[in-house]
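Worksheet: the structure to be examined is printed underneath.
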Amino acid sequence: MTSPRELINKAAGLAFGEERAALLERALDDADPEAHAIAVAMLAQQFPDRLGQAVSAGAAAIESGAAPDWIRAHLAEAAILAGDDEAALRFAGEVDPGFFPANDLAWRVVRLSEIKAIALLRLGRADALDVVDDLLADIVRGDDDDDLPPPSHLVRVALTLGARPVLDRVAQSLELDDWFPPSVVAEIRAALGS
(Lines give C-alpha, C1' and ligand atoms only; values in the text may rest on other atoms or scores of the structure.)
Protein backbone atom coordinates (compact mmCIF):
# COMPACT_ATOMS: atom_id res chain seq x y z
CA MET A 1 0.00 0.00 0.00
CA THR A 2 1.24 3.45 -0.91
CA SER A 3 1.52 5.87 2.02
CA PRO A 4 -0.08 9.34 1.93
CA ARG A 5 3.37 10.95 1.82
CA GLU A 6 4.40 8.80 -1.15
CA LEU A 7 1.22 9.84 -2.96
CA ILE A 8 1.95 13.51 -2.19
CA ASN A 9 5.51 13.18 -3.48
CA LYS A 10 4.28 11.52 -6.68
CA ALA A 11 1.63 14.22 -7.16
CA ALA A 12 4.23 16.96 -6.62
CA GLY A 13 5.98 15.87 -9.80
CA LEU A 14 2.86 16.11 -11.95
CA ALA A 15 1.23 19.00 -13.76
CA PHE A 16 -2.27 20.02 -12.71
CA GLY A 17 -4.76 17.48 -13.94
CA GLU A 18 -6.91 14.51 -13.04
CA GLU A 19 -4.04 12.18 -12.12
CA ARG A 20 -2.52 14.70 -9.71
CA ALA A 21 -5.88 15.46 -8.11
CA ALA A 22 -6.70 11.75 -7.73
CA LEU A 23 -3.37 11.06 -6.01
CA LEU A 24 -3.91 13.93 -3.60
CA GLU A 25 -7.47 12.85 -2.82
CA ARG A 26 -6.14 9.36 -2.05
CA ALA A 27 -3.46 10.91 0.18
CA LEU A 28 -6.17 12.40 2.38
CA ASP A 29 -7.13 8.92 3.57
CA ASP A 30 -5.32 7.95 6.77
CA ALA A 31 -2.88 10.84 6.49
CA ASP A 32 -1.23 12.32 9.55
CA PRO A 33 -2.22 15.98 10.17
CA GLU A 34 0.82 17.42 8.35
CA ALA A 35 0.39 15.21 5.27
CA HIS A 36 -3.36 15.89 5.26
CA ALA A 37 -2.78 19.66 5.39
CA ILE A 38 -0.19 19.50 2.60
CA ALA A 39 -2.45 17.37 0.39
CA VAL A 40 -5.39 19.75 0.84
CA ALA A 41 -3.14 22.77 0.15
CA MET A 42 -1.85 21.11 -3.02
CA LEU A 43 -5.43 20.43 -4.09
CA ALA A 44 -6.23 24.10 -3.44
CA GLN A 45 -3.40 25.05 -5.81
CA GLN A 46 -5.32 23.27 -8.55
CA PHE A 47 -8.82 24.08 -7.26
CA PRO A 48 -8.86 27.59 -5.69
CA ASP A 49 -12.32 27.02 -4.21
CA ARG A 50 -10.63 24.65 -1.73
CA LEU A 51 -8.38 27.37 -0.29
CA GLY A 52 -10.57 27.86 2.81
CA GLN A 53 -10.50 24.14 3.51
CA ALA A 54 -6.72 24.13 3.07
CA VAL A 55 -6.22 27.07 5.43
CA SER A 56 -8.37 25.35 8.08
CA ALA A 57 -6.52 22.04 7.68
CA GLY A 58 -3.17 23.83 7.88
CA ALA A 59 -4.11 25.72 11.03
CA ALA A 60 -5.41 22.54 12.68
CA ALA A 61 -2.26 20.59 11.76
CA ILE A 62 0.09 23.30 13.05
CA GLU A 63 -1.97 23.62 16.23
CA SER A 64 -1.66 19.86 16.75
CA GLY A 65 2.13 20.14 16.59
CA ALA A 66 2.83 19.41 12.90
CA ALA A 67 5.93 20.99 11.39
CA PRO A 68 4.66 24.23 9.82
CA ASP A 69 7.07 25.10 7.02
CA TRP A 70 5.94 22.72 4.27
CA ILE A 71 2.32 23.45 5.13
CA ARG A 72 2.82 27.21 4.95
CA ALA A 73 4.81 26.99 1.71
CA HIS A 74 2.02 25.03 0.03
CA LEU A 75 -0.61 27.39 1.44
CA ALA A 76 1.34 30.38 0.08
CA GLU A 77 1.37 28.72 -3.34
CA ALA A 78 -2.35 27.98 -3.17
CA ALA A 79 -3.19 31.50 -2.02
CA ILE A 80 -1.18 33.23 -4.77
CA LEU A 81 -2.79 31.03 -7.42
CA ALA A 82 -6.23 31.82 -5.95
CA GLY A 83 -5.48 35.55 -6.06
CA ASP A 84 -5.53 35.95 -2.26
CA ASP A 85 -2.42 38.10 -2.11
CA GLU A 86 -2.71 39.00 1.58
CA ALA A 87 -2.86 35.33 2.58
CA ALA A 88 -0.04 34.41 0.18
CA LEU A 89 2.16 37.11 1.65
CA ARG A 90 1.34 36.03 5.20
CA PHE A 91 1.99 32.32 4.62
CA ALA A 92 5.20 32.92 2.66
CA GLY A 93 6.42 35.27 5.38
CA GLU A 94 5.73 32.70 8.11
CA VAL A 95 8.03 30.06 6.59
CA ASP A 96 11.27 29.80 8.57
CA PRO A 97 13.85 31.48 6.29
CA GLY A 98 16.45 28.83 7.13
CA PHE A 99 14.22 25.78 6.60
CA PHE A 100 14.54 25.26 2.85
CA PRO A 101 18.24 26.22 2.57
CA ALA A 102 19.00 23.75 5.37
CA ASN A 103 17.25 21.06 3.33
CA ASP A 104 19.14 21.96 0.12
CA LEU A 105 16.01 23.36 -1.52
CA ALA A 106 17.17 26.74 -2.80
CA TRP A 107 14.50 26.64 -5.51
CA ARG A 108 11.82 26.73 -2.79
CA VAL A 109 13.38 29.89 -1.35
CA VAL A 110 13.26 31.46 -4.81
CA ARG A 111 9.63 30.43 -5.29
CA LEU A 112 8.61 31.87 -1.91
CA SER A 113 10.35 35.15 -2.81
CA GLU A 114 8.53 35.15 -6.13
CA ILE A 115 5.20 34.63 -4.34
CA LYS A 116 5.98 37.56 -2.03
CA ALA A 117 6.96 39.78 -4.97
CA ILE A 118 3.80 38.92 -6.89
CA ALA A 119 1.59 39.56 -3.88
CA LEU A 120 3.24 42.90 -3.10
CA LEU A 121 3.10 43.94 -6.76
CA ARG A 122 -0.60 43.11 -7.09
CA LEU A 123 -1.30 44.87 -3.78
CA GLY A 124 0.43 47.99 -5.16
CA ARG A 125 3.02 48.03 -2.38
CA ALA A 126 6.18 50.08 -2.89
CA ASP A 127 8.36 47.39 -1.28
CA ALA A 128 7.59 44.99 -4.15
CA LEU A 129 10.67 46.16 -6.04
CA ASP A 130 12.93 45.42 -3.04
CA VAL A 131 11.65 41.84 -2.99
CA VAL A 132 12.06 41.58 -6.77
CA ASP A 133 15.69 42.75 -6.40
CA ASP A 134 16.34 40.15 -3.67
CA LEU A 135 14.70 37.43 -5.75
CA LEU A 136 16.78 38.23 -8.82
CA ALA A 137 19.97 38.40 -6.73
CA ASP A 138 19.22 34.93 -5.35
CA ILE A 139 18.72 33.59 -8.86
CA VAL A 140 21.95 35.16 -10.12
CA ARG A 141 23.89 33.79 -7.12
CA GLY A 142 22.50 30.29 -7.64
CA ASP A 143 24.44 27.60 -9.40
CA ASP A 144 23.45 24.79 -11.75
CA ASP A 145 23.03 22.37 -8.84
CA ASP A 146 20.29 24.56 -7.36
CA ASP A 147 17.99 23.99 -10.36
CA LEU A 148 16.39 27.39 -9.82
CA PRO A 149 13.17 28.13 -11.69
CA PRO A 150 12.76 31.24 -13.82
CA PRO A 151 10.46 33.83 -12.26
CA SER A 152 7.84 33.09 -14.93
CA HIS A 153 4.82 33.80 -12.76
CA LEU A 154 6.26 37.17 -11.71
CA VAL A 155 7.01 38.08 -15.32
CA ARG A 156 3.47 37.13 -16.39
CA VAL A 157 1.99 39.31 -13.62
CA ALA A 158 4.34 42.19 -14.48
CA LEU A 159 3.35 41.96 -18.14
CA THR A 160 -0.34 41.91 -17.24
CA LEU A 161 0.01 44.91 -14.91
CA GLY A 162 2.36 46.80 -17.21
CA ALA A 163 4.93 46.89 -14.40
CA ARG A 164 7.86 48.12 -16.44
CA PRO A 165 10.22 48.56 -13.44
CA VAL A 166 9.90 44.84 -12.69
CA LEU A 167 10.50 43.88 -16.31
CA ASP A 168 13.50 46.27 -16.46
CA ARG A 169 15.02 44.55 -13.43
CA VAL A 170 14.42 41.09 -14.86
CA ALA A 171 15.98 42.06 -18.21
CA GLN A 172 18.99 43.66 -16.51
CA SER A 173 19.60 40.76 -14.12
CA LEU A 174 18.94 37.67 -16.25
CA GLU A 175 19.93 36.60 -19.72
CA LEU A 176 16.35 36.46 -21.00
CA ASP A 177 17.01 33.91 -23.74
CA ASP A 178 18.50 31.50 -21.19
CA TRP A 179 15.60 31.75 -18.74
CA PHE A 180 12.41 32.16 -20.77
CA PRO A 181 10.81 30.74 -23.91
CA PRO A 182 11.15 32.91 -27.05
CA SER A 183 7.50 34.04 -26.90
CA VAL A 184 7.94 35.39 -23.36
CA VAL A 185 11.25 37.05 -24.27
CA ALA A 186 9.48 38.77 -27.17
CA GLU A 187 6.71 40.00 -24.84
CA ILE A 188 9.23 41.36 -22.34
CA ARG A 189 11.21 43.14 -25.05
CA ALA A 190 8.04 44.57 -26.58
CA ALA A 191 6.89 45.86 -23.19
CA LEU A 192 10.28 47.47 -22.67
CA GLY A 193 10.33 48.90 -26.19
CA SER A 194 13.56 47.15 -27.04
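So what is log10(I(q)/I(0)) for the chain at q = 0.08, 0.11 1/Å, when the Debye sum runs over its Cα atoms only? Values, matching the q order: -0.28, -0.52.
Residues in segment 1-97 average 48 Å² of solvent-accessible surface per residue, probe 1.4 Å, ligands and nucleic acids excluded. The alpha-carbon positions of segment 1-71 define a convex hull whose volume is 77 Å³ per residue.
Shown is the FRET efficiency for Asp104 and Arg5, computed with R0 = 22 Å from the Cβ-Cβ distance and rounded to the nearest 0.05: 0.75. For the chain, adding -39500 (n - 2.57) for each run of n ≥ 4 DSSP H residues and dividing by the number of residues yields -22000 deg cm²/dmol at 222 nm. Atom-type composition of the exposed protein surface of segment 49-194 places 50 percent of the accessible area on carbon and sulfur (1.4 angstrom probe). Coupling constants for segment 86-92 follow from the phi torsions by the Karplus curve (6.51 cos²θ - 1.76 cosθ + 1.60, θ = phi - 60°), and in residue order they are 4, 5, 4, 5, 4, 5, 5 Hz; glycine and proline get x.
Across segment 63-71, rounded Karplus estimates of 3J(HN,Hα) from the backbone phi angles (6.51 cos²θ - 1.76 cosθ + 1.60, θ = phi - 60°) give 4, 7, x, 5, 4, x, 5, 5, 4 Hz, Gly and Pro being marked x.
Take every Cα pair under 8 Å whose residues are at least 6 apart in sequence, average their separation, divide by the length of the chain, and the relative contact order is 12 percent. Taking all C-alpha pairs of segment 68-172, those more than 23 Å from each other amount to 21 percent. Where the centroid of each part is defined by its Cα atoms, how far is segment 93-133 from segment 31-80 in Å? If we compute the Cα centre of each part, the gap is 18 Å.
Across segment 3-45, Cα pairs under 8 Å and at least six residues apart give a relative contact order of 41 percent.
The values are calculated or read from the model by the stated rules, or taken from the named source; none is laboratory data. The shown structure was predicted, so the numbers you read here are calculated from the model rather than taken from an experiment. Methodologically, a virtual Cβ is constructed for each residue, glycine included, from the backbone with ideal geometry; neighbour enumeration extends over all protein chains shown. For accessibility, only protein heavy atoms count, side chains too; no ligands or nucleic acids. Shrake-Rupley method; radii C 1.70, N 1.55, O 1.52, S 1.80 Å.
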